[in-house]
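Below: one structure, written as structure tokens.
We did not get these values from a lab; they are worked out from the coordinates using the rules stated. Just so it is clear, the model here is predicted, and its values are computed rather than measured. Note that each Cβ is placed from the backbone with ideal geometry, even for glycine, and that neighbours are counted across all protein chains shown.
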Amino acid sequence: MKPKIDTLTIERFRVLRQLQIDGLGRINLITGRNNTGKSSVLEALRILASDASPAVINNILRYREEDFGESEEPTRHIDAEGLLQISSLFHGFPQPSDKSQAIVISAKGRQPSMRLTLEVAWVSEERGQEGQPWRLVPGQRNLFGESDGIPALVVETGGVKRILTLDNFRRYGYRGRIFRPDLGDESSLPCVFVSPYGGEHTATLGVLWDKIALSDLEKDVVEALRIIDPEISAVSMVGPEGPRQQRTAIVRAGNLPRPVPLRTFGDGLNRLFGIVLSLVNAKNGLLLIDEFENGMHHTVQLDVWRAVFDLSRRLDIQVFATSHSWDAVETFQEAAAETPGEGVLVRLSRKGEAIIPTIFAEDELAIAARDRIEVR
């Protein structure tokens, strides 16, 4: 079956001046040296799938410490200095005074074609007709002139423009709040992101657990955890509900007299819990995993990939994962060979300012793995 996205195009986003990847599969492993845009590809997919949700964009900025944080004057509009943070999304880190070209992210495949543009603009408020609320219209003042203009992102999807003032992003910028895999707002394509340390605090995964608790998907999560510890028989979340409440994942295992916190079992099991719980929540959509191998010993990675291939096929999920690890590449190749036509490795390399993708289908990847050809 044709994947949801088989061609991805990204222009002027982060280090990616112009990148087009053709021939994507259901499960895609993205490799490459540092600063070749692996994580940027995942960020672009998050923004595209969420229709540029302010929650998702702020989550991306906050992770890289580029967010607006808390303001001493919450009622004061973000001014030109605030554009320095948002400009980090644009290729070349343009200055606030620069006229930066728009970011363009598009995808084609079985999923209806998607195209999104992002550009910076200055806007001002103008009262509408009788009884109508204030609305935003393009500002007329120069950036350095006396103006009540407000910096904003103009988002265009499906021929419809939305104006998002930077204040929209600041209200998501609580540095003290718990990080959790961000499901974003309502969007055309479900998308779940697993950060490099997505299983570090199991309390952050409560919202995902609640969506599958007492369903057949709960059994799939337990079965995956048995890859690392075959004694595990059940998982649950305990503690008060709510997005800011501390909750704890507990497990029951046959060799223990009572349920114990999942953290007791170490980083590998917690990483696996985060990946699989996110996977079953991405049904009919996308799962994005940054640095797949983090915390997991090489001896379990093949079985984890097998679980990812199996669940993604059953739940109609397309997976994009990044890795620096040869173990992850080698075990990915083994799992892909067992499921022909599903796995693709994408290697990103730098040539000057250009980022060049190289696609390895299963037969080519098998040769690379056999001959230990460098594909990371």
Problem - Amide H contacts of residue 289 (H built 1.01 Å from N, under 5 Å, at least 5 apart or other chain) - result: 194, 320, 321, 322
Practice task
Just rank 211, 4, 283, fewest to most, by other beta-carbon atoms within 10 angstrom.
Solution key: 211, 283, 4
Practice task
Pop the C-beta distance of residue 216 and residue 264 into the FRET formula with R0 = 41 Å and round what comes out to the nearest 0.05.
Solution key: 0.95
Handout entry: Under the Karplus curve 6.51 cos²θ - 1.76 cosθ + 1.60, θ = phi - 60°, whole-Hz ³J(HN,Hα) for the stretch 274-286, x wherever Gly or Pro sits
Key = x, 5, 6, 5, 5, 4, 5, 7, 9, 3, 6, x, 10
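Summing Lys, Arg as +1 and Asp, Glu as -1, what charge do residues with Cβ under 10 Å from the Cβ of residue 31 carry, residue 31 excluded? Present the calculation step by step, with values, prior to reporting the outcome.
Values: positive: 33, 38, 347, 376; negative: 374.
Computed value for this residue: +3.
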Fill in the blank from the handout: The local net charge around residue 222, scoring Lys/Arg +1 and Asp/Glu -1 for residues other than residue 222 whose Cβ lies under 14 Å from its Cβ, equals -3
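Fewest to most neighbouring Cβ within 10 Å: what's the order for 114, 1, 296? Spell out each step's value before the answer.
Working: 114 20, 1 9, 296 23.
Result, fewest neighbours first: 1, 114, 296.
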Exercise for the section: Tell me the label-point distance for the pair residue 18, residue 2, using the 7 Å Cα-to-Cβ offset, in nm and rounded to one decimal. Expected result: 2.5
Practice task
Multiply the residue gap between residue 121 and residue 310 by 0.36 nm, knock off their C-alpha separation, and tell me the result in nm, one decimal place.
Solution key: 63.5 nm
Exercise for the section: Mind scanning 108/351; 2/351; 4/219 and naming the pairs with a C-alpha gap bigger than 28 Å? Expected result: 2/351
Exercise for the section: Determine the distance separating the Cα centre of the stretch 331-360 from the Cα centre of the stretch 217-281; give it in Å without decimals. Expected result: 31
Exercise for the section: For each of 299, 117, 322, count neighbouring Cβ atoms within 10 Å of the residue's Cβ, then give the residues from fewest to most. Expected result: 299, 117, 322
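What's the extension gain from residue 161 to residue 370 if we count 0.36 nm per residue and subtract their Cα-Cα distance? Show your work: numbers first, answer last.
Values: separation 209, 0.36 × 209 = 75.24 nm, distance 5.00 nm.
Between residue 161 and residue 370, full extension yields an extra 70.2 nm.
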Completion exercise
Surrounding charge for residue 108, neighbours by C-beta under 12 angstrom, Lys/Arg +1, Asp/Glu -1, total +2
